[in-house]
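Here's the structure, in structure tokens; my notes come after.
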């Protein structure tokens, strides 16, 4: 009997109740399973985040190179799912500091490292194994106190 081992991202999908979500990928090639998105085949995409006129901004892919010099730089693997949800694996270098763009409800699991998070004027430190609930509409600032890898699950805010 062939065993299939699911990684952290799949566990998070089930853990936050969107286990029925299906990856929005092209139809499965022969021998591939269409509801699994391979982490090793998902590229690390450059992102840049900054604030402009008091509003968080983001540039992805090749556009990140054109962001302001003081923008926070991240590498992110993006796993998009139906119903407005998705999983991201974010790689932050020590000293990276940014305000997320908002528009989503997000749970962040710190896989490796140490973050300092300020949300709604309250600051706390989170470490590997901890989670953060990021609520849309609350001003949030995230700073990597050391090289960090996060797994982020988000879905549209049902306003």
Revision key, fill the gap. Given (1) crowded, with 18+ Cβ neighbours inside 10 Å; (2) more than 13 Å from the chain's Cα centre (by Cα); (3) assigned to a strand (DSSP E or B); (4) modelled with pLDDT under 90, residue 57 misses just (1)
**Study point:** Pair list, Cβ under 8 Å, 6 or more apart: region 52-75 residue on the phi < 0 side of the Ramachandran plot and in contact (Cβ under 8 Å) with a residue 12 or more places away in the chain, other residue surrounded by fewer than 17 Cβ atoms within 10 Å (Cβ to Cβ) and assigned to a helix (DSSP H, G or I)
**Key:** 59/66
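Just to be sure before I move on: is residue 68 part of a loop (DSSP other than H, G, I, E, B), under 16 Å from residue 152 (Cα atoms) and at pLDDT 55 or above in the structure I sent?
Here the answer is no, as residue 68 does not meet what is asked.
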Check your understanding: Hey, among the residues in region 101-118 that are under 19 Å from residue 156 (Cα atoms) and assigned to a strand (DSSP E or B), which one's modelled with the highest pLDDT?
Key -> 109
Practice item. Among the residues of region 71-100, count how many are more than 21 Å from residue 145 (Cα to Cα), in a loop (DSSP other than H, G, I, E, B) and under 14 Å from the mean Cα position of the chain (by Cα). Key: 2
Review point. Got at least one residue in region 16-25 being over 16 Å from the mean Cα position of the chain (by Cα), at pLDDT 75 or above and either assigned to a strand (DSSP E or B) or buried (at least 16 other Cβ atoms within 10 Å of the Cβ) (or both)?
Key: no
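So, residue 126, is that one surrounded by 13 or more Cβ atoms within 10 Å (Cβ to Cβ), without any contact (Cβ under 8 Å) to a residue 40 or more places away in the chain, under 15 Å from the mean Cα position of the chain (by Cα) and not in a loop (DSSP other than H, G, I, E, B) or not? Break it down into steps so the answer makes sense when it comes.
Numbers: surrounded by 13 or more Cβ atoms within 10 Å (Cβ to Cβ): yes; without any contact (Cβ under 8 Å) to a residue 40 or more places away in the chain: yes; under 15 Å from the mean Cα position of the chain (by Cα): no; not in a loop (DSSP other than H, G, I, E, B): yes.
Against the criterion (surrounded by 13 or more Cβ atoms within 10 Å (Cβ to Cβ), without any contact (Cβ under 8 Å) to a residue 40 or more places away in the chain, under 15 Å from the mean Cα position of the chain (by Cα) and not in a loop (DSSP other than H, G, I, E, B)), residue 126 does not qualify.
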Point to revise | Within region 62-82, tally of residues that are more than 22 Å from residue 141 (Cβ to Cβ) and exposed (fewer than 12 other Cβ atoms within 10 Å of the Cβ) | key: 3
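The values are calculated or read from the model by the stated rules, or taken from the named source; none is laboratory data. These figures come from a predicted structure and were not determined experimentally. Because the Cβ atoms are built from the backbone with ideal geometry, glycine has one as well, and the counts that use them run over all protein chains shown.
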